[in-house]
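Okay, structure first, notes after.
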Amino acid sequence: MAIAVRSSRGGGSGGVGAGFRSLFSYRIFISALFSLLFIATVSVLLTSRPPPTHHHSRLPSGANAYMHRTFLALNSDPLKTRLDLIYKQANDHITLVKTYAAYARKLKLENSKQLKMFDDLAKNFSDLTSKPSLFETDGNLDEDVLRQFEKEVKDRVKFARLMVAESKENYDNQLKIQKLKDTIFSVSESLGKAKKNGALASSIAAKSIPKSLHCLAMRLVEERISHPEKYKEELPKAEFEDPSLYHYAVFSDNVIAVSVVVRSVVKNAEEPWKHVFHVVTDRMNVAAMKVWFRMRPVEGGGHLEVKAVEDYSFLNSSYAPVLRQIESAKKQRFNFEKTTENVTKDGSNMKLKNPESMSMLNHLRFYLPEMYPKLHKILLLDDDVVVQKDLTGLWKIDLAGKVNGAVETCFGSFHRFSQYLNFTHPLIKEKFNPKACAWAYGMNIFDLDAWRREKCTETYEEWQNLNEDRTLWKLDALPPGLITFYSLTKSLDKSWHVLSLGYNPSISMDEINNAAVIHYNGNMKPWLDIAMNQYKNLWTKYVDNDMEFVQMCNFGV
């Protein structure tokens, strides 16, 4: 028993000692392992040098990368980092100025001041960035030197940017295009304003009464007042209603213009005594007109009567819709209150303010059959025409049942119905062809019998009533004429009537000389100072300069 007990105690004591020795050996092993690992790590860190960032493009990855970046952060010199940034900025601007210099050479600007400046600036940058004291030293950088270097670089960068900004438009095509667009837009705006102002000034000049013309009218009225016995009313002549003679209708308030029309007709007529002129004017000018033709009778035995619009009693506001419209307060307010607004908005809209378009004289042409009930044919002449040949051939033209004989004015897309009528309106769109050719007023031979048969006056009045609010066409005589005689107009040879002498300076003189009638339509009338000189003498040669009042009024012809 005693042996057994001793044996058991001895075994327990040996087991505890062995466990203690085993634990102590394990701790020593772990401590030695960490010590070795730490020594290895420190050894690697102390013996490793980071490669310069601007010489290598490949960087470590993973755990090594992390240690590498950490080491760089701990050991980098902030002055060197700052130097690298300055160096990069300088190199960028060297590239920029060299690029502009190269483009200047491509544009053949070798002798230009800009090219020399770009070359000099690039050279200065290169000299600045190659300083050995900054880029080749192995020691620490001097902060004062670096600061001076940074200032020099910034000064050159600022100058380079200024040069580039000033020169950019010479090299940047998109900038050039945009600048050109801006210039074109500005010039276009200025041109548009100039056209509108010119149109307004031209309209004012054209519709104003020249001093000489006003003087002439006053002298003629004074003559009638001073010698009433000479100017008693005469009885109508039988020739005024003789359908076998050649009848003309001239509606105007311009004495000298009417006298030129009449003189040019009879001077070129083979049988002037067969020509009869029906002159209609307004109440203000009827006395002056009568005195003129009493003092200066029609040459060659021609016949002439002068009447006022008021002498035709049927022309009143209850009968003639256009007269009602002209007299309406609404029309008057529109004409005067909207003039400035419409001129500034649309320089081509001058007819809307044209006093002639607001005058009944301009619309008498739609009542010719009622005014001259016994006549079969009549030739309408505007007061701004000159006749150069005998016109009796017009009465011999077969109009083939048509009402109106006129010269067409369309060529290409110009002077089509679409230019005169509002084809957005359903009434116009339904009835007429927008491509139909327009024709000219100013010299029109009318078959009054066909007119009565086709009831053209009724057609005119119907459409004039529909245009009470002016939505079908602007106030003028040509658009309703195009409507009234639509499909009832026969085209005449263009040599009968040459137009545009009042605004077009490019008409061929051969064309003018071959024309039977030349027409000064436009604002540059031949009796105005603004008339075109190359055409004016064709009109002035028919002015009666021997008439005493023409001389007294210093008529500028």
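Flag not set for T540, criterion: closer than 30 Å to N467 by Cα and β-branched (V, I, T). Against the definition (surrounded by fewer than 18 Cβ atoms within 10 Å (Cβ to Cβ) and either at pLDDT below 95 or polar (S, T, N, Q) (or both)), how does S167 come out, yes or no? Against the criterion (surrounded by fewer than 18 Cβ atoms within 10 Å (Cβ to Cβ) and either at pLDDT below 95 or polar (S, T, N, Q) (or both)), S167 does not qualify.
Exactly one residue out of V262, V279 is assigned to a helix (DSSP H, G or I) and crowded, with 22+ Cβ neighbours inside 10 Å, and it is V262. S252 meets all of the listed conditions (1) more than 24 Å from M295 (Cβ to Cβ); (2) surrounded by 12 or more Cβ atoms within 10 Å (Cβ to Cβ) but one, namely (1). Going residue by residue through segment 175-194, is there one that turns out to be out of contact with any helix residue (DSSP H, G or I) (no Cβ under 6 Å at 6 or more places or on another chain), on the phi < 0 side of the Ramachandran plot and outside any helix (DSSP H, G or I)? Checking segment 175-194: not a single residue is out of contact with any helix residue (DSSP H, G or I) (no Cβ under 6 Å at 6 or more places or on another chain), on the phi < 0 side of the Ramachandran plot and outside any helix (DSSP H, G or I).
Of S208, S244, which residue is open to solvent by 40 Å² or more (accessible area, probe 1.4 Å), at pLDDT below 90 and small (G, A, S)? Walk me through it before giving the result.
Details: S244 fails: at pLDDT below 90.
Being open to solvent by 40 Å² or more (accessible area, probe 1.4 Å), at pLDDT below 90 and small (G, A, S) holds for just one of S208, S244, which is S208.
Number of residues in segment 393-421 that are of a type in the set (S, T, N, Q), open to solvent by 20 Å² or more (accessible area, probe 1.4 Å) and modelled with pLDDT of 95 or more: the value is 0. Is it the case that V306 is outside any helix (DSSP H, G or I) and of a type in the set (V, I, T)? Yes: the conditions hold for V306. When every residue of segment 522-530 is checked against the conditions, at least one turns out to be within 19 Å of F411 (Cβ to Cβ) and either open to solvent by less than 60 Å² (accessible area, probe 1.4 Å) or among the polar types (S, T, N, Q) (or both). The lone criterion from (1) at pLDDT below 95; (2) in a helix (DSSP H, G or I); (3) surrounded by 17 or more Cβ atoms within 10 Å (Cβ to Cβ) left unmet by K351 is number (3).
Applying a threshold of 8 Å to beta carbon distances and a minimum spacing of six or more residues, or different chains, the list of pairs starting in segment 493-521 at a residue that is closer than 10 Å to K389 by Cβ and ending at one that is in a helix (DSSP H, G or I) and open to solvent by less than 40 Å² (accessible area, probe 1.4 Å) reads W496/L394. If the condition is being closer than 17 Å to L478 by Cα, in a loop (DSSP other than H, G, I, E, B) and without any contact (Cβ under 8 Å) to a residue 40 or more places away in the chain, then segment 392-418 contributes C410, H415. The set of residues in segment 213-227 that are open to solvent by 70 Å² or more (accessible area, probe 1.4 Å) and hydrophobic (A, V, I, L, M, F, W, C) comprises M218, I225.
The values are calculated or read from the model by the stated rules, or taken from the named source; none is laboratory data. As the structure is a prediction and not an experimental result, all values here were calculated from the model. Quick reminder, even Gly has a Cβ in these numbers, built from the backbone with ideal geometry, and neighbours come from all protein chains shown. Remember, those area values only see protein heavy atoms, side chains included, never the ligands or the DNA or RNA. Shrake-Rupley method; radii C 1.70, N 1.55, O 1.52, S 1.80 Å.
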